[in-house]
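The values are calculated or read from the model by the stated rules, or taken from the named source; none is laboratory data. These figures come from a predicted structure and were not determined experimentally. Every residue, glycine as well, gets a Cβ built from its backbone with ideal geometry; the counts of neighbours run over all protein chains shown. Quick note on the areas: whole protein, heavy atoms, side chains included, nothing else; ligands and nucleic acids left out. Shrake-Rupley method; radii C 1.70, N 1.55, O 1.52, S 1.80 Å.
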Amino acid sequence: QVQLVESGGGLVQPGGSLRLSCAASGFTFSSYGMGWYRQAPGLEREVVALIFRTGGTNYAASLKGRFTVSRDNAKNTVYLQMNSLKPEDTAVYYCNVFLQAVNYWGQGTQVTVSS
């Protein structure tokens, strides 16, 4: 079955960096686009970044320049490099794949930006 397992979250000071990882299994990873989303308390889940099977990327306009999404098809893993983190980046970050008309999500990883 499809599994997405995020890791790399934690507590970081404003201006710091984190790299999130999402290990995927149960499908042909290289054939599908992947996404990173986040959800802050009391808010709806929002898209952070997308990476297509071709390697092309798309970002939420407000995050472009600070966040970088990448993938390693040999490791079935997608990454999210987050730099210059701000308190408003605090959220649970989720990995996503849309596969055969179904949205699959990981369990999420908490990112807290605070001094």
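Could you rank the peptides 102-109, 55-62 by their average count of other C-beta atoms within 10 Å per residue, with the highest value first?
The peptides rank, most packed first, as 102-109, 55-62.
Keeping every protein chain in place, order T68, T90 by accessible area at 1.4 Å, biggest value first, i.e. largest first.
I get T68, T90, largest accessible area first.
What's the local net charge at C22, with K and R +1, D and E -1, over the other residues with C-beta under 12 Å away?
+1
Below 8 Å between Cα atoms, with a sequence gap of 6+, how large is the relative contact order for segment 11-106 in percent?
The value is 36 percent.
Which one, T28, L85, F98, is farthest towards the positive end of the dipole of the chain when Lys and Arg carry +1 and Asp and Glu -1 on their Cβ?
Toward the positive end, the furthest listed residue is T28.
Accessible area per residue of the chain at 1.4 Å probe, in Å²?
Ligands and nucleic acids excluded, the figure is 53 Å² per residue.
If each of S70 and S115 carries a label point 7 Å out from its Cα toward its Cβ, how far apart are those two points in nm?
Computed distance between label sites S70 and S115 equals 3.0 nm.
Which of rounded, prolate or oblate describes the chain when judged by the alpha-carbon gyration tensor and an a/c cut-off of 1.5?
The shape class here is prolate.
Tally the DSSP beta bridges in the chain and give the antiparallel ones as a percent, rounded to 5.
90
Can you order the peptides 7-16, 45-54 by their average number of other Cβ atoms within 10 Å per residue, highest first?
My ranking of the peptides, most packed first, is 45-54, 7-16.
Per 0.36 nm of contour for each residue apart, how much would the distance between K86 and Q100 grow if the chain were fully extended, relative to their Cα-Cα spacing?
Once the chain is fully extended between K86 and Q100, it gains 1.5 nm.
Along the charge dipole of the chain, which of T109, A61, V12 sits closest to the positive end, that is, farthest toward it, with unit charges on the beta carbon of Lys, Arg, Asp and Glu (+1, +1, -1, -1)?
Projecting each Cα onto the dipole axis, the largest value belongs to A61.
Per the 1.4 Å probe, what fraction of the accessible area of the chain, in percent, lies on carbon and sulfur atoms?
The computed percentage sits at 47.
Could you tally the net charge around R66, taking each other residue with its Cβ under 10 Å from the Cβ of R66, Lys/Arg +1 and Asp/Glu -1?
For residues surrounding R66, the net value is +1.
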